[in-house]
Amino acid sequence: MTDPTDERHASAPSRTADLTSVLPSLWITADHHFGHANIVVHASRPFSADQQDAEMARRWRTMVPSDEAILHLGDLVVGGNAPGVWELVSTLPGNPKWLVLGNHDRPHRVGLIRAAGFTIIEPPELRYGSWRVRFTHRPLRTAELGAHQLNVHGHTHSKVASTDLRWVNVSVEATDYRPVRLRELLDKRIDELRRADCP
């Protein structure tokens, strides 16, 4: 049996995800940092360090049915040695559970992430109406985002939306520490762009 902590099996993601087929029921989220006590202070989270994992897991469970897909845009577990953190993460509902690796999803944790039921994928893209939607952990630079493109991202740990509406932040700090429906998120943002007369 493969040891999930063995770095020899921590290969780069080789799979892609067909978001279109699950779009009506697809959830999205990012930046939980399960097991990371210091993030409570760093990101001004409204929990104590010993409450945050259980509370974020509770909010995940209240939103995501076990038979609906979820896309996580990285930094799932940061405090990988915290007692019970991998057992907790393995119980989170969703099928499939896709993960785009974040900067804290280190190679030595890839096997543990997979053992917790997540499929690691390349950053996906989606055609949504006339828009090209690009999903990343870190926000794309301005020069990387073309006309009629949206970037759905995490990493920033910010509650404040970008002044450029083409960037859509799904860090948990921006979504009340719970996953959100991707379709509703995109519809709202595209409507805002239309009313702002953005290209």
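The values are calculated or read from the model by the stated rules, or taken from the named source; none is laboratory data. Please read these numbers as outputs of a predicted model, since none were measured by experiment. Glycine also receives a Cβ, built like all others from the backbone with ideal geometry; neighbour counts cover every protein chain displayed.
The set of residues in region 48-89 being charged (D, E, K, R) and under 16 Å from the mean Cα position of the chain (by Cα) consists of ASP53, ARG59, ARG61, GLU68, ASP75.
Any residue at all in region 58-78 that's farther than 26 Å from ARG189 by Cβ, surrounded by 18 or more Cβ atoms within 10 Å (Cβ to Cβ) and in contact with a His (Cβ under 9 Å, 6 or more places away or on another chain)? Checking region 58-78: at least one residue is farther than 26 Å from ARG189 by Cβ, surrounded by 18 or more Cβ atoms within 10 Å (Cβ to Cβ) and in contact with a His (Cβ under 9 Å, 6 or more places away or on another chain).
Right, GLY111: in a loop (DSSP other than H, G, I, E, B) and either within 17 Å of the chain's Cα centre (by Cα) or buried (at least 18 other Cβ atoms within 10 Å of the Cβ) (or both) or not? No, not satisfied.
Exactly one residue out of GLY102, GLY79 is at pLDDT below 95, part of a loop (DSSP other than H, G, I, E, B) and in contact with a Leu (Cβ under 8 Å, 6 or more places away or on another chain): that is GLY102. Considering region 20-75, and only residues there that are outside any loop (DSSP other than H, G, I, E, B) and among the basic types (Lys, Arg), the residue that is farthest from LEU126 (Cα to Cα) turns out to be ARG58.
Candidates in region 145-159 are the residues that are in a loop (DSSP other than H, G, I, E, B) and out of contact with any helix residue (DSSP H, G or I) (no Cβ under 9 Å at 6 or more places or on another chain); of these, the one that is surrounded by the most Cβ atoms within 10 Å (Cβ to Cβ) is HIS155. Selection of region 114-143 for residues being small (Gly, Ala, Ser) and surrounded by fewer than 20 Cβ atoms within 10 Å (Cβ to Cβ) yields ALA115, GLY117, GLY129, SER130, ALA143. Scanning region 133-153 for residues that are within 18 Å of LYS188 (Cα to Cα) and modelled with pLDDT of 95 or more gives VAL133, ARG134, PHE135, GLN149, LEU150, ASN151, VAL152, HIS153.
Residues of region 179-192 being charged (D, E, K, R) and under 20 Å from LEU19 (Cα atoms), which ones?
Step one: of region 179-192, the residues charged (D, E, K, R) are 181, 183-184, 187-189, 191-192.
Of everything in region 179-192, those that are charged (D, E, K, R) and under 20 Å from LEU19 (Cα atoms) turn out to be ARG181, ARG183, GLU184, ASP187, LYS188, ARG189.
For region 118-144, a residue qualifies if it is assigned to a loop (DSSP other than H, G, I, E, B), in contact with a strand residue (DSSP E or B) (Cβ under 8 Å, 6 or more places away or on another chain) and within 22 Å of ARG194 (Cα to Cα), and the qualifying residues are PRO139, LEU140.
Does LEU92 meet the test of being under 15 Å from the mean Cα position of the chain (by Cα) and part of a loop (DSSP other than H, G, I, E, B)? Criteria met by LEU92.
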